[in-house]
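The values are calculated or read from the model by the stated rules, or taken from the named source; none is laboratory data. On a predicted model such as this, the values are computed, not experimentally measured, just so you know. Cβ atoms come from the backbone with ideal geometry, glycine included; neighbour counts cover every protein chain shown.
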Amino acid sequence: MAKRTTTTAARRRTARKAENHEAKRNQILEVAGAMFFRQGYANTSIDEIALELGVRKPFIYYYFKDKLSIFETLCVESSHFTCKAFQDTAKLGLSASDRLTNGLHELILRYLQTFAGGALYYKEPSLLTGEAARIVRENALLLHADMLEVLEEGRRSGEFDFDDTKLTALLIGGAIGFMFHWYRPDSKLSPTKLANYMVENLMKIVTAQAGAAAAQPKVG
């Protein structure tokens with residue numbers, strides 16, 4: 001009994017240590033990401049990040065090899081989180097219109113939750129090289145493929161009306177990506193309201209019936 005209690009206590013300590021490690025790592029990412037977005041990657045130094053965090057530089061280097069690894073982590077983690085937006089909202093029996101509405105709504109919300117990573121990739125993609133660039137590129141292709149599938153299904157069923165599926169997907173993706181140039185995380189417009197507004201207007205690009213009522217996310 002005593003041995004089991006000791007083992008349980010050790011596991012709890014290990015879990016708390018891991019949680020603390022993750023929290024500190026995420027704090028660095030959050031602060032650095034905001035600074036990269038606000039003043040640019042090149043104009044942000046490890047010294048400035050440490051000053052903003054109220055720590056010494058070794059604290060940052062314990063979690064990240066260098067400034068570039070922070071940048072890459074932000075972009076890669078954002079791409080991992082956003083690339084499955086359509087898969088994670090898919091439900092049996094939904095129409096293509098509902099699938100597209102839900103997928104776009106979830107995608108925009110996920111981009112907003114990982115805003116720095118998504119914005120940095122759109123603003124400074126040339127900084128990503130090697131493995132990080134490969135991962136982000138593959139995740140982008142997965143997301144694009146999911147959107148193409150839903151768009152093509154809707155076109156076949158008559159729910160959507162457009163001539164070129166690939167071009168339509170690029171148009172929708174471009175409109176969402178442009179958000180990183182004008183939206184600010186401290187905006188008075190809440191993420192949900194922004195997502196609702198964007199989806200309402202993006203659906204007008206593909207909806208077969210002109211003037212049809214805007215689709216609303218069917219989540220929950």
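General observations
- Members of region 133-185 that are in contact with a Ser or Thr (Cβ under 8 Å, 6 or more places away or on another chain) and crowded, with 17+ Cβ neighbours inside 10 Å: 135, 136, 139, 143, 151, 154, 155, 159, 160
- Failed condition for residue 55, given (1) under 24 Å from the mean Cα position of the chain (by Cα); (2) part of a loop (DSSP other than H, G, I, E, B); (3) surrounded by 14 or more Cβ atoms within 10 Å (Cβ to Cβ): (1)
- Residue match in region 169-183 (condition: modelled with pLDDT under 90, more than 17 Å from the chain's Cα centre (by Cα) and assigned by TED's automatic domain parsing to the domain that holds residue 124): no
- Restricting region 25-41 to residues that are of a type in the set (Gly, Ala, Ser) and at negative phi, the residue that is surrounded by the most Cβ atoms within 10 Å (Cβ to Cβ): 32
- Beta carbons closer than 8 Å, at least 6 apart along the sequence or on distinct chains, pair a first residue in region 140-167 that is farther than 23 Å from residue 83 by Cα and assigned by TED's automatic domain parsing to the domain that holds residue 111 with a second that is surrounded by fewer than 16 Cβ atoms within 10 Å (Cβ to Cβ) and among the hydroxyl-bearing types (Ser, Thr, Tyr) for 157/95; 159/95.
- Condition met for residue 120 (in the same structural domain as residue 200 (by TED's automatic domain parsing), part of a helix (DSSP H, G or I) and under 22 Å from residue 32 (Cβ atoms)): yes
- Residue count, region 75-92 (criterion: more than 10 Å from the chain's Cα centre (by Cα) and either buried (at least 22 other Cβ atoms within 10 Å of the Cβ) or in a helix (DSSP H, G or I) (or both)): 4
- Test for residue 112: is it assigned to a helix (DSSP H, G or I), touching a residue at least 12 places away in the same chain (Cβ under 8 Å) and under 11 Å from the mean Cα position of the chain (by Cα): yes
- The single condition from (1) out of contact with any Asp or Glu (no Cβ under 8 Å at 6 or more places or on another chain); (2) modelled with pLDDT of 90 or more that residue 99 fails is (1).
- Criterion violated by residue 96 - all others in (1) under 9 Å from residue 75 (Cβ atoms); (2) touching a strand residue (DSSP E or B) at 6+ places or on another chain (Cβ under 8 Å) satisfied: (1)
- Any hit, region 107-127, residues being small (Gly, Ala, Ser) and touching a strand residue (DSSP E or B) at 6+ places or on another chain (Cβ under 7 Å): no
- Residue pairs whose Cβ atoms lie under 6 Å apart, sitting 6 or more positions apart in sequence or on different chains, and linking a residue in region 84-108 that is closer than 20 Å to residue 177 by Cα and β-branched (Val, Ile, Thr) to a partner that is modelled with pLDDT under 90 and assigned to a loop (DSSP other than H, G, I, E, B), are 101/215; 101/217.
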